[in-house]
Amino acid sequence: MAKSHFILLLPSLILALSLSPSPHSTTSAAATSSSAFIDSSCAATRYPDLCRQSLSSYARTLQQNDHRRLALAALSVSLAKAKSVSSYVTQAAELASKNGNTNPSVVQAVKDCTRNMGNGVNRLDQSVKELTVLGGLEGDKFEWHMSNLQTWVSAALTDENMCVEGFADRTMDGPVKVGVRRRVVYVAKITSNALALVQRFAAKHARVGRHHP
């Protein structure tokens, strides 16, 4: 008799198991939701395709509508890229100084870029720390720290753009200029996107604050 009851219950058991979401499917659904969040947020940046590509690895860890963590991820990417490019520029400056045949204007431009990129890295590092603190703040304290954050990211972007502008003269054309400029332009785009996501977070936070006095 027990055996016959089990046989009768077996189809129901199979159906229940088939309808229960597996851990893998739940994880995949969350990742899909996060990817959609990243896509929609990146659409508001100046370089949306680059934004999506640079943040795609965060899809499995970000929660939907967590604008602070998305901005933090973008700033972390910008800081990592800026450090890498800063190291490259420093090496380029050393090589340019040792090469007696290098255009003196190129040597000076690379030196200036080294300083600018160093300043930019420091400001991005401050920005990451400031955004981390913002997670638990509200009101005037939030506004004060957010103002600092936006100022530092904007200043870092200015430093990167100044480096690029330092190579504007066509008399500097050559492999050093091409190598440095290409990398700095890339990191400036990353930083521009990060700034846009920081500003988006600030706007979303202000909107929530108006609806929850």
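The values are calculated or read from the model by the stated rules, or taken from the named source; none is laboratory data. Keep in mind it's a predicted model, so treat the numbers as computed, not measured. Every residue, glycine as well, gets a Cβ built from its backbone with ideal geometry; the counts of neighbours run over all protein chains shown.
Miscellaneous remarks
- If the condition is being part of a helix (DSSP H, G or I) and among the basic types (K, R), then region 58-73 contributes R68, R69.
- The set of residues in region 45-82 being modelled with pLDDT under 95 and crowded, with 21+ Cβ neighbours inside 10 Å consists of L62 alone.
- Test: V85 is more than 24 Å from V133 (Cα to Cα), modelled with pLDDT of 95 or more and surrounded by 13 or more Cβ atoms within 10 Å (Cβ to Cβ): yes
- Comparison of S127, S86, S76, S105 shows that the only residue that is part of a helix (DSSP H, G or I), in contact (Cβ under 8 Å) with a residue 12 or more places away in the chain and closer than 20 Å to A168 by Cβ is S105.
- Against the conditions (1) farther than 30 Å from H205 by Cβ; (2) part of a helix (DSSP H, G or I); (3) at pLDDT below 95, F167 satisfies every one except (2).
- Test for V133: is it of a type in the set (V, I, T), assigned to a helix (DSSP H, G or I) and crowded, with 22+ Cβ neighbours inside 10 Å: no
- Restricting region 89-102 to residues that are in a helix (DSSP H, G or I) and free of Cβ contacts under 8 Å to residues at least 24 places away in the same chain leaves a set whose member that is surrounded by the fewest Cβ atoms within 10 Å (Cβ to Cβ) is K98.
- D140 being surrounded by 16 or more Cβ atoms within 10 Å (Cβ to Cβ), of a type in the set (D, E), out of contact with any His (no Cβ under 6 Å at 6 or more places or on another chain) and not in a loop (DSSP other than H, G, I, E, B): no
- Count of residues meeting criterion [more than 20 Å from A80 (Cβ to Cβ) and either in contact with a Phe, Trp or Tyr (Cβ under 7 Å, 6 or more places away or on another chain) or modelled with pLDDT under 90 (or both)] in region 182-213: 10
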